[in-house]
Structures are given as C-alpha cells and as structure tokens.
Amino acid sequence: MKAIILAAGVGKRLWEVTQHRPKCLIEIGGRSLLYRYLESLAAVGIRRVDMVVGYKQEMIRAAVAQDPCGIRVNFLVNEQFQRGSISSLWEARMLLDDDVIVMDADVLFHRGILRRLALSPFENALLMDETVKQTGEECMVVVAGDRVIALTKKMPDHYDYAGEGVGFLRVRHADTPRVVSSLRGYIEKNMWHMEYEDALLEYFHDVRVGHEKIGGLPWTEIDFVNDIKKAELEVLPRL
C-alpha cells in the first residue's frame, strides 16, 4: 500500500496564509501538516508516497528533502494547479499501481484515524465522522444500505445516514481502473474546475465502498483562518 497526497492547490480561501506558503506547510504546534502526514504514514507502515504538487512546489520539495521521515517520496507536477482537485487526481492516474490511500493535504488528524483506514477490512473505504451534521461546507460521506453512494456537499434525496468525510480514500489496486473511468467521464466534458469527490459517482456505483466511523477522534480540515485556530486550540492538545 502507498499514499497519493494531493498538494498542488493554491488554497484561495486561506490566501492571507497561503500567499506565503502552500497549505500543507502550515505549521500547527511547530510542525507542518506535511511533516505530520509523513510521520503518520511511516507509523502505519506506509513507506511510499506519490505527491502531486504545483503551487509553490519548490517549498514542498525542500521541506521533504529536509526530513522525509524514512519515506520514499515521488513528485508529480500538476501544471494546471489553479483548476479543481480533479485535475490533480487525473494527473496521478498512471500511479494507481498498488493499493492506495488518496489524501487531501490540508488535514490535521490523530494518527489513529489513518490507522483505522489502513487496517480497515474494507479494501475500498472512506473515513466518516458520524458526529458531524452538514451545515453547508462539509463534504459528506453518504451511505445507503451497506455501501457509500456519494462523497459530496450536495446531498441526494434518499440515503440512510451520512457524516463528514475526513478527506482520505482507500482504493484496492484492482478497483483503481474504476476510479480512472469515473474521472474520465468528467474530464472528457472539460469539467476541470470540479473537486474530485464529486467525480466519483460512477466508482461508488460500480464498487462496494465501505466506511470507518471515527467520531471522537480529533481532526480538522484547514480551509479558513478559523480552522487554524481550531487546530491549535482544540485538535492539537488531543493528538
């Protein structure tokens, strides 16, 4: 198993911070998000990372070179990093050559959250914080029956329950062509500015994707300045 970290974006909603550094290099408690990712991946036995970079990529490369935490990191450049995250995952499609965990690069999380996904009995799986109800911004893991049917901010009419997605997706190697096929349908329509999560509907339809509940474990996605404060005051002390 390896990880693909999507770290190409600008982070426009956090521009007062990201004009100086990419989101993954935001420091919480004196350590960058990226360093915490590499440290956590090494702790669960994942030693290979493909990282999609773009915006201020030289800063990311320098940070990894300084201390890769024993992980072999391969860089892939998304030259169109102003586009939506679908462009980064599409750029990485040829690297889906193993069981993989696809990771957004802007989450501060308890190591147990990643361990739960890596050790899940579901070979295709998402993480769900079942304690979170949607207020508008959250990307939700939506479940009907025994499978995930969507990962989206736009809730379907019919489902059994939902919780906020943490931003990590585990995919079995044999099912990675389904991910690529699902993305391709939107790429062929030139829908480059969408987020990759909304482009996975076909994948969720074709592949039984399970979920792991992580309610109670501390984490936060960092999209706004207030999220940095939350990370420092509420999440960091519990890691």
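The values are calculated or read from the model by the stated rules, or taken from the named source; none is laboratory data. Since the model is a prediction, treat every value here as computed from it, not as a measurement. Positions of Cβ are backbone-derived with ideal geometry, glycine not excepted, and every protein chain shown enters the neighbour counts. These area figures cover heavy atoms from the full protein model, side chains too; ligands, DNA and RNA do not enter into them. Shrake-Rupley method; radii C 1.70, N 1.55, O 1.52, S 1.80 Å.
Over the stretch 2-238, give the accessible area per residue in Å² for a 1.4 Å probe, as an integer. Write down the numbers at each step before the final one.
On the way: 10790 Å² over 237 residues.
About 46 Å² of surface per residue is accessible.
Here the contact order of the stretch 2-238, divided by its residue count and restricted to Cα pairs under 8 Å and six or more residues apart, works out to 23 percent. Once C-alpha pairs closer than 8 Å and six or more residues apart are averaged by separation and normalised to the residue number of the stretch 133-239, the relative contact order reads 24 percent. Using equal-weight Cα scatterers in the Debye expression, the normalised intensity of the stretch 110-189 in log10 at q = 0.16 Å⁻¹ is -0.69. Both the radius of gyration and Dmax for the stretch 167-235 are 15.9, 44 Å, in that order, over alpha-carbon atoms. Here the chain is assigned +1 on the Cβ of each Lys and Arg and -1 on the Cβ of each Asp and Glu. Its dipole about the Cα centre then comes out at about 500 debye. Normalised by 2.2 N^0.38 Å, with N the number of residues, the alpha-carbon radius of gyration of the stretch 2-238 equals 0.94. Computed with the Debye formula from one identical point scatterer per Cα of the stretch 42-93, without solvent, the log10 of I(q)/I(0) at q = 0.24 Å⁻¹ comes to -0.94. Each label was represented as a point 7 Å from its Cα along the Cα-to-Cβ direction; for H205 and R61 these points are 4.1 nm apart.
Cross-link reach is defined here as a Cα-Cα straight distance under 29 Å, omitting same-chain residues fewer than 8 places apart; for K133 the lysines meeting it are K12, K23, K153, K154, K213, K229, K230. Counting heavy atoms of the protein chains alone, K229 has an accessible area of about 110 Å² for a 1.4 Å probe.
Rounded to two decimals, what is the ratio between the C-alpha radius of gyration of the stretch 19-65 and 2.2 N^0.38 Å? Mind dumping the intermediate values first?
On the way: Rg = 11.0 Å, N = 47, 2.2 N^0.38 = 9.5 Å.
Working it through for the stretch 19-65, the quotient is 1.16.
Would you give the gap between the C-alpha center of the stretch 175-194 and the C-alpha center of the stretch 102-119, rounded to a whole Å? Between the Cα centres of the stretch 175-194 and the stretch 102-119 lies a distance of 24 Å.
Measuring r between the beta carbons of H173 and T135 and using R0 = 25 Å, the FRET efficiency lands at 0.10. Ligands, DNA and RNA left out, the accessible area of the chain computed with a 1.4 Å probe is 47% carbon and sulfur.
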